[in-house]
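Input: one structure, supplied below.
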Amino acid sequence: MNSDTKYDATLHKNAVPYYKDISYREAGKFEETRFEKIHNVIFKSSDYASIIVAQEIAKLIKDKQAEQKCCVLGLATGSSPIKVYEELVRLHKEEGLSFSNVISFNLDEYYPMDRGNVQSYHYFMHEHLFDHIDILPENIHIPDGTVSQEDLHQYCIDYELKINAAGGLDFQLLGIGRTGHIGFNEPGSHYNSVTRSITLDHLTRSDAASAFFGIANVPKRAITMGIGTIKKAKRIVIMAWGHKKAGVVKETIEGLITSDIPASYLQEHNNTTFVLDQEAAEELTRIKTPWLVGPCRWNKKTKSKAIVWLSQTVQKPILKLTDKDYNDHGMSGLLAEEGSCYDLNIKMFNKLQHTITGWPGGKPNADDTNRPERNTPHKKRVLILSPHPDDDVISMGGTFLRLIEQDHKVHVAYQTSGNIAVSDEEAIKYAEVVKNVFSEGEGYGNIDKMIADLKKKQENVIDSIEVRNLKGLIRRGESFGATRFLGLPDAYVSFLDLPFYETGTVKKKPFNKKDVAILSKLIKEIKPHQIYAAGDLADPHGTHKVCLDILFKVLEDLKEEEFMKDCWVWLYRGAWQEWDIHDIEMAVPLSPDEVLKKRKAIFFHQSQKDGVLFQGDDSREFWVRAEERNQQTAQKYHELGFAEYEAIEAFKRYHF
Ligand code: F6R
């Protein structure tokens, strides 16, 4: 492990050291990180971590200014550094930080790529940073995606020479790709590689697919600084946010140095810090299985996590775990604290058993001491928030159905219009239907023009308002299909069309007062006893996370209202992920019949079937993913020793 500790987690109030007790943490420091080969710090939120990174950059710039020297920065694009740039712009505008002594070199650029293309890194850097600060234009260097094929080789050599001529990189900011790439140094890159043109990995292209409206539009090549170029930087900060990066973060920090994970070469750099949020750190041994790295401070959460892990690791139901199983797997300390495995097993078994309920709104007239929900009031006002028009049925279609059947007053609100996820072909289909039925579509402009425009539309062109309206209407129609099928009257369905989403592009605006006011108004009207919301905390810039942040803001604003004292918030996970078993606080089993009904409800969202625009890296249809996920949760419960259910939907309570 490198000895540099510039980011001492204990110094920052929002940093989350694993051990709450600092002195204990210090004592255990060596053991705690013994699997780790790159210095790293874990923060509760990527926003706060980004501010700390920006402060380090700002300090470096100022130190260099004091010495009357230039500051040579290596810069990255992508979602990871966006908040860092936001903070640097703030420091410039509000605190007078000057970039006049900064010389910047960007890591990479797609090839071929026009500078004006909104997907170009040239565009990105100007939009997020350069247009808002006082850096001299001649000091900005970004690999040029327009260089001809014949000149490319020499161009790359010159780029490298320019970095050297500027005195080398004082600081290099990095993100990490899921392939383990830094810059665009994909697996196979040599540790001595220099600036060159490369072919992008399929996974990298599929991660970029949504921004390019489909993988077919993502360039196949790029220009990138080499590993050798990056490693020469005097200081490197690499950032990773979100659950999706957790696997590659672990391999980079704990694995062998290998060209399969080019970021692992950073293990050899003696001044690198990996800055992580909790989700990106979750696979690190000290976080995932802290009992394997040294003495562990046991609390309720670690106990649950450890016992579920033990049961899964030794493949035995909880009630069959023995003292030897605990001792053999680093959990002797827990046994010593608790006495015997017999008591531990029973406690854990009961705890998990109590999460299972067929009554998500509470069971009337039943003792609710050990149930996830209160039994009163018997008929609850329930608000289901769905970021896009389909997350409700995909993530909690079975629970939705039960809530209606158990006579609760259910209201569903679709937070965004979801219009950008409707393909042009789908829009043409509907426009033609509208045309044939009404000969002219009211509110949709000239329908013939719309059809003609859609038919000749180029990639990456933003839809007109009329086309967006039409696409939004398609999703509304599909949502009504699903909610009617589940038995919910139309009067209990709202479409919030939150303004932050309405950019017509993948990139959304930050949320503002208007978004908050819309949701706040709805919650005040409904006065819900339960709110269900998508708890996708791991997706730093996605729509789900923004929708959740808006809800958190509203909850904070309304927390003193009388009705909010009786309001419980349950978080479900979106289409991509499920809660870990030890996190689940309410598990709602579905019968085979309910699974089929849920499937049919998802089918109503036809525009989201068959290779949709925002499929992510999982090519399965949403209904298949949802079903397999719910079946896997049921299977996991069964393997821990509980009854065998067809499927289970899972929720975690959010305490505000
Ligand atoms: C960007 C770059 C890439 C990204 C990486 C992570 O200039 O070189 O290595 O840093 O692909 O991308 P995000 O941050 O979007 O997850």
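The values are calculated or read from the model by the stated rules, or taken from the named source; none is laboratory data. The model shown is predicted, which means the values in this text are computed figures rather than measured ones. Methodologically, a virtual Cβ is constructed for each residue, glycine included, from the backbone with ideal geometry; neighbour enumeration extends over all protein chains shown.
Please specify each residue of segment 560-588 satisfying the condition of being closer than 14 Å to Gln530 by Cα and not hydrophobic (A, V, I, L, M, F, W, C).
Lys565, Asp566, Tyr572
Show the residue pairs meeting these rules: Cβ distance below 9 Å; 6+ apart or different chains; first residue within segment 347-368 and more than 14 Å from Glu405 (Cβ to Cβ); second residue hydroxyl-bearing (Ser, Thr, Tyr) and assigned to a helix (DSSP H, G or I).
Close Cβ pairs (under 9 Å, with a partner that is hydroxyl-bearing (Ser, Thr, Tyr) and assigned to a helix (DSSP H, G or I)) amount to Met348/Ser304; Met348/Ser311; Lys351/Ser304; Leu352/Ser304; Leu352/Tyr637; Thr355/Tyr637; Ile356/Tyr637.
Look at segment 525-536 and say how many of its residues are within 15 Å of Phe552 (Cα to Cα) and in contact with a helix residue (DSSP H, G or I) (Cβ under 7 Å, 6 or more places away or on another chain).
Selection size over segment 525-536: 5.
Here are some residues: Gly242, Gly255. Which one is farther than 30 Å from Ala165 by Cβ, in the same structural domain as Pro81 (by TED's automatic domain parsing), away from the ligand (no atom under 16 Å from the Cβ) and touching a strand residue (DSSP E or B) at 6+ places or on another chain (Cβ under 8 Å)?
Gly255
Out of curiosity, is Pro510 in the same structural domain as Tyr414 (by TED's automatic domain parsing), closer than 19 Å to Phe552 by Cα and in contact with a Phe, Trp or Tyr (Cβ under 8 Å, 6 or more places away or on another chain)?
Spelling it out, Pro510 is indeed in the same structural domain as Tyr414 (by TED's automatic domain parsing), closer than 19 Å to Phe552 by Cα and in contact with a Phe, Trp or Tyr (Cβ under 8 Å, 6 or more places away or on another chain).
Would you mind stating whether Thr543 is hydroxyl-bearing (Ser, Thr, Tyr) and surrounded by fewer than 18 Cβ atoms within 10 Å (Cβ to Cβ)?
So Thr543 does not fit the description; no.
Can you go through Gly168, Gly175, Gly145 and tell me which one is among the small types (Gly, Ala, Ser) and within 22 Å of the chain's Cα centre (by Cα)?
Gly175
Of all residues in segment 570-611, how many are in contact with a Leu (Cβ under 7 Å, 6 or more places away or on another chain) and assigned to a strand (DSSP E or B)?
Qualifying residue count, segment 570-611: 0.
Quick one: in segment 202-225, which of the residues that are in contact with a strand residue (DSSP E or B) (Cβ under 6 Å, 6 or more places away or on another chain) and within 12 Å of the ligand (Cβ to nearest atom) is farthest from Asn106 (Cα to Cα)?
Ala222
While we're on this one: Considering only residues of segment 192-208 that are more than 16 Å from the chain's Cα centre (by Cα) and hydrophobic (A, V, I, L, M, F, W, C), which is farthest from His153 (Cα to Cα)?
It comes out as Leu203.
In addition: Tell me, which residue of segment 393-422 that is assigned to a helix (DSSP H, G or I) and not hydrophobic (A, V, I, L, M, F, W, C) is farthest from the chain's Cα centre (by Cα)?
Step by step, filter segment 393-422, then rank; the result is Glu405.
Are any residues in segment 290-308 at pLDDT 95 or above and closer than 23 Å to Ala240 by Cβ, and if so, which ones?
Passing the criteria: only Lys305.
Filter segment 566-578 down to the residues that are modelled with pLDDT of 95 or more and not hydroxyl-bearing (Ser, Thr, Tyr) and list them by number.
Across segment 566-578, the qualifying residues are Asp566, Cys567, Trp568, Val569, Trp570, Leu571.
Moving on to the next point. Answer with yes or no whether Ser340 is small (Gly, Ala, Ser), out of contact with any strand residue (DSSP E or B) (no Cβ under 7 Å at 6 or more places or on another chain), surrounded by 22 or more Cβ atoms within 10 Å (Cβ to Cβ) and farther than 30 Å from Gly477 by Cβ.
Against the criterion (small (Gly, Ala, Ser), out of contact with any strand residue (DSSP E or B) (no Cβ under 7 Å at 6 or more places or on another chain), surrounded by 22 or more Cβ atoms within 10 Å (Cβ to Cβ) and farther than 30 Å from Gly477 by Cβ), Ser340 does not qualify.
Looking at (1) within 27 Å of the chain's Cα centre (by Cα); (2) more than 11 Å from the ligand (Cβ to nearest atom), find the lone condition where Glu160 falls short.
Among (1) within 27 Å of the chain's Cα centre (by Cα); (2) more than 11 Å from the ligand (Cβ to nearest atom), the lone unmet condition for Glu160 is (1).
Please state which one of Thr146, Thr199, Thr195 is of a type in the set (Val, Ile, Thr) and within 13 Å of the ligand (Cβ to nearest atom).
Among Thr146, Thr199, Thr195, only Thr195 is of a type in the set (Val, Ile, Thr) and within 13 Å of the ligand (Cβ to nearest atom).
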